[in-house]
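Take a look at the structure set out below.
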Amino acid sequence: MTRLRCGDEKAFAEVYHTYQNRIGHRLLRLLKSEILAEEVMQDIFLKVWENRTSIDPEQPFKSYLYRIAENRVIDLFRRAKKEQSILEEIIAGNTELYTHIEEALFKKEYASLLDRLIVQMPAQRKKIFIACKLEGKSYQEAADEFGIATTTVNDHLQKAMHYLKSKLVVNHDALMLLTVSLLLQ
């Protein structure tokens, strides 16, 4: 230990060879990973070399070494927990952002589909559907605007909804989105 304190590399090599298997087995039991155990063992002996001048030759070296090993393992677990927490936050944020973007894209896609289907409706039905379902006018307001009875407005809207449902039946998600969006307006 005295030679190690003075920076003798051969003394360091002797200490390393004396304790590497004991420390290695203990680390392997704690970490359950040979790679991590090897990495931590290198950190331990690096710390021994860096702090060699503060080693007390009168104190048991094995206890000193085990204390360093224990502290390194605790630090590793703390760092892993913190990194896991950060990773979970990143994943949650990206998932939320992705979901928001995905919903916006689907909404845009369904709006485009709805527009293409509305264009194919007869002119009067198209005007009534747009007025009531997209602009939010009441049946009475649409009837007054187009000079027709509210029952005619109702008839056009029922036919329009039947037409849309028949075209969207192949895409249940689009049908559900359309239904929900029309009900909320």
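Annotations for the structure displayed:
- Within the range 57-90, the GluC sites (Glu not before Pro) that combine a DSSP coil assignment with at most 14 other C-beta atoms in a 10 angstrom radius are GLU58.
- Annotation: per residue accessible area for the range 20-61 equals 67 Å², rounded to a whole number [probe 1.4 Å, protein chains only].
- With the highest mean first, a sort of the peptides 151-159, 111-119 on other beta-carbon atoms found within 10 angstrom per residue produces 151-159, 111-119.
- Using heavy atoms of the protein chains and a probe of 1.4 Å, the accessible area assigned to ILE74 is about 70 Å².
- Cβ-placed point charges (K, R +1; D, E -1), dipole of the range 32-87 about Cα centre in debye, nearest 20: 240
The values are calculated or read from the model by the stated rules, or taken from the named source; none is laboratory data. Note that the structure is a prediction, hence the values are computed from the model and not measured. Cβ sites come from the backbone with ideal geometry, for glycine too, and all protein chains shown count toward neighbours. Please note that ligands, DNA and RNA were not included when accessible areas were found on the heavy atoms of the full protein model with its side chains. Shrake-Rupley method; radii C 1.70, N 1.55, O 1.52, S 1.80 Å.
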